[in-house]
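Laboratory data are not the source of any read-out in this text; all were calculated from the coordinates shown. From a predicted model like this one, the values you see are computed outputs, not experimental measurements. Heads up, the Cβs are rebuilt from the backbone with ideal geometry, glycines too, and the neighbour counts pull from every protein chain shown.
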Amino acid sequence: MGLICPSSRPQTPAVVARCHRLIAEMGFKPVVGKHVLSSYGFTAGTDEQRLADLHGFVEDDSIAAIFCLSGGYGALRLLPHLDFAAIERSRKLFVGGDDASCLLNAINAASGLVCLQALNLEQIKTKQTYDRLKTAVTSTNVWAPLVAAQSGEELLSGKHDFYCCVEGIAEGKLVGGNLTAFITLMGTPYQPDMNGKIIFLEDLGEQNGILDRWFTTLYLSGDLQYAAAVVFGSFKDCGPKNSDTMLSVMDLFGDRLQYLGKISCFGLPFGQQDDSYPVPIGVNARLTAAEGRLEFLEPALVLKN
Amino acid sequence: MLKTKETTPAKIVKPRALRKGDTVGIIAPSSTLFQEGELEFTYQWLQKLGLKWKLGKHLFERYSEYAGSDEARAEDLMNIWCDPEVDGVLPLRGGNGAPRLLPLIDFELLAKSPKMFVGYSDLTALLTTIHQRTGLVCFYGPMATSFYKTSYSHRYWTKAIMSNRPIGVITDPLPAQIWKPAYPPPRMVIAEGHGRGRLIGGCLTLIKQLQGTPFEADMDGKIVFLEDVHEEPHQIDRMLTQLLLGSNLKKAAGILVGECAGCTPGESNRRRLSLNHSVEAVVRERLSNLGIPVVYGLRLGHGEDQFTLPLGVMATLEARGTAVKFKIEESAAH
């Protein structure tokens, strides 16, 4: 497994050491990119250094998959320099989240390769997320569906507040991830086709009003109208921040989803929480909005032939 | 919904300059005031200019951080703009919400009565779109609760909207009587050169927000001005990078990056990254190699001092050594 930092640097070398250990515990052989602890401005080394790590692993036949260690910002800067043809030929699995959403969606759009939107390795801090990531990167079966918490202890914990915005059942390939990072692809050559797809979105630590800006971009572009459905995960540490009057993202996104009659629901267990599930970009899925149920219709991975 | 991209307006329509006795229509297409009394200052300052006012019906409504529902705000915009008694349209303030109105606006109807329209920040969405759809020269500058914030802002504001003469060469605010002036210096040369073109631009967040939509700004061959407030340097990098990847910013004739108040690392209330470049480093790194003049620091946008820029009007930007000349050469109103 190749470990890279396409965006910002992990806070300490201990983070890298811990992630190395996690991958080894899973039974894989971790290889850490040369530049993951480099620093240049707000990124883990210069664009050239981060690209060298990424391309090095793409071209290395002993590497089966490429994991992102941390998020932050910087993946977008790499896109015009990526060798998408080499990535497509390599058929390697890319795993990451947060800022890496723009990288994963650009790779999926350019090559058709399924990429795993997941926690970045440094965010794996619970047995749940560890097990879920391990299963996700090894299972060649169809994954179990993601279901919003609606009963028992999960309901009482209040961790996932499920809300069905527009009822209905829709099928399509999955596209999306972190809203902030995903929207930076808009109007660029790396913008994915959302026509007939299920868009899944989450975010971390952002103000509701700013999230509404990025959702408005999707609405104004027309892409929302032609998507099959929209499903939302967690918006951890998001909120009105310093505004007391600001409504929730359910209200702010919901008004236009209802206007369009777009099948949609909030509160599925993906995103950046300590119990989030990975989501495979490019896999066919079925959303039953009223039940908060996202079923995967095909495996995300195949056995190497 | 349309998927076609808007282009430069084929013809430029100049509004009539406001004069004593005119009426301005005050609306809130974005956010509203928390204290309605702030408008008392606005009335006093409008009176000094000999202007009368008329208020939108939904001015103080609220929906989330917006001044009422999208429908209510759009209705006020259309009604005030099309009111024959109203000579100019003056938003209360920015905030958020103007982009949500774009699908609800009848641009053909607005085009039938070209009017003085001035605003900044979130209003960028309306200014650039109305300009591109109708050809109307719209003004990026202070609005109802900000045109009287400093003498510099006020002077350029009245010069822009109450005169039919060219705004001319832009000068900086007089150095204040303080020992440690605020960063950034007003005219840092990021890239030398000479550029001439029509003006387009506004708040970077908004220009970015509309990229990839039918309301995207066309910057080809133009003098582009960009500014923002309370953003971390990495957010500025993210937005500029998206523009460089997708828009025609690269084909601009010149770029002015404004003061960007409150954008020093760690100063915003946004998510921070541990190792930060400054905005200056970002601007140098992203914009210095485009082969066009780029200047950073001019007092346009969210700072205390703010000059007013007319969209669609010819301007020149010269940057040589440490010398910068920015001139709005054509008249913006008749």
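Computed over chain B with a Gaussian network model linking Cα atoms closer than 10 Å, the most mobile of B:323, B:74, B:191 is B:323.
On the basis of the beta-carbon distance and an R0 of 41 Å, residue A:155 and residue B:107 show a calculated FRET efficiency of 0.25.
Compute the label zone of residue A:24 within segment A:65-100: residues whose backbone N is under 18 Å from the point 7 Å along Cα-to-Cβ. Residues A:67, A:69 fall inside that zone.
The loop-placed trypsin sites (Lys or Arg not before Pro) in segment A:127-185, going by DSSP, that have at most 16 neighbouring Cβ atoms within 10 Å of their Cβ come out as A:159.
Our summary gives chain B a relative contact order of 21 percent, counting only alpha carbon pairs under 8 angstrom and 6 or more residues apart. Here the mean projected area of the convex hull built on the C-alpha positions of chain B is 16.4 nm². Our estimate of slack between residue A:46 and residue A:167, defined as 0.36 nm per intervening residue step minus the Cα-Cα distance, is 38.9 nm. Structural descriptor for chain A: relative contact order 20 percent, calculated from alpha carbon pairs under 8 angstrom and at least 6 residues apart. Projecting the Cα atoms of B:46, B:67, B:80 onto the charge dipole of segment B:1-119 (Cβ charges, centred on the Cα centre) puts B:46 farthest toward the positive pole.
With the simple model of a label 7 Å out from the Cα in the direction of the Cβ, residue A:85 to residue A:258 spans 5.1 nm. With the cut-off at under 20 Å, measuring from each backbone N in segment B:9-38 to a point 7 Å along the Cα-to-Cβ line of residue B:48 picks out B:18-26, B:37-38.
I want to verify a result. In a Gaussian network model of chain B, Cα cutoff 10 Å, which of these has the top mean-square fluctuation: B:136, B:249, B:309? Comparing B:136, B:249, B:309 in a Gaussian network model of chain B, the most mobile one is B:249. From least to most packed, judged by other beta carbons within 10 angstrom and beginning with the fewest, B:331, B:64 follow the order B:331, B:64. Other protein chain C-beta atoms within 10 Å of residue C-beta, averaged over B:55-66: 3. For residue B:289, project a label point 7 Å along Cα to C-beta. Then give me every residue of segment A:21-58 with its amide nitrogen under 11 Å of that point. Counting backbone N atoms under 11 Å from the label point, the list is A:47-48.
Dividing the summed helix terms, -39500 (n - 2.57) for each DSSP H run of n ≥ 4, by the number of residues in chain B produces a 222 nm estimate of -7500 deg cm²/dmol to the nearest 500. Spin-label pair residue A:302-residue B:281: with each label point 7 Å from Cα along the Cα-Cβ axis, the two points sit 4.5 nm from one another. Taking label positions 7 Å along the Cα-Cβ direction at both residue A:60 and residue B:36, the computed distance is 6.7 nm, reported to one decimal. In summary, the protein assembly as shown shows an alpha-carbon radius of gyration equal to 0.98 times the 2.2 N^0.38 Å reference for compact globular proteins. What is the distance in Å between the Cα centres of segment B:259-324 and segment A:55-82? Each part reduced to its Cα centre gives a spacing of 31 Å.
Taking a sphere under 12 Å around the Cβ of residue A:145 and counting the other residues whose Cβ falls inside, with K and R at +1 and D and E at -1, yields a net charge of 0.
Using the average count of surrounding beta-carbon atoms within 10 Å as a protection proxy, the listed peptides B:15-27, A:92-104 rank, highest first, as A:92-104, B:15-27. The mean number of Cβ atoms from other chains found within 10 Å of a Cβ in peptide B:260-272 is 2, as a whole number.
In segment B:224-334, Cα pairs under 8 Å separated by at least six residues give a relative contact order of 28 percent.
Shielding of peptide B:235-242 by partners, expressed as the average count of other chain Cβ atoms within 10 Å per residue Cβ, is 5.
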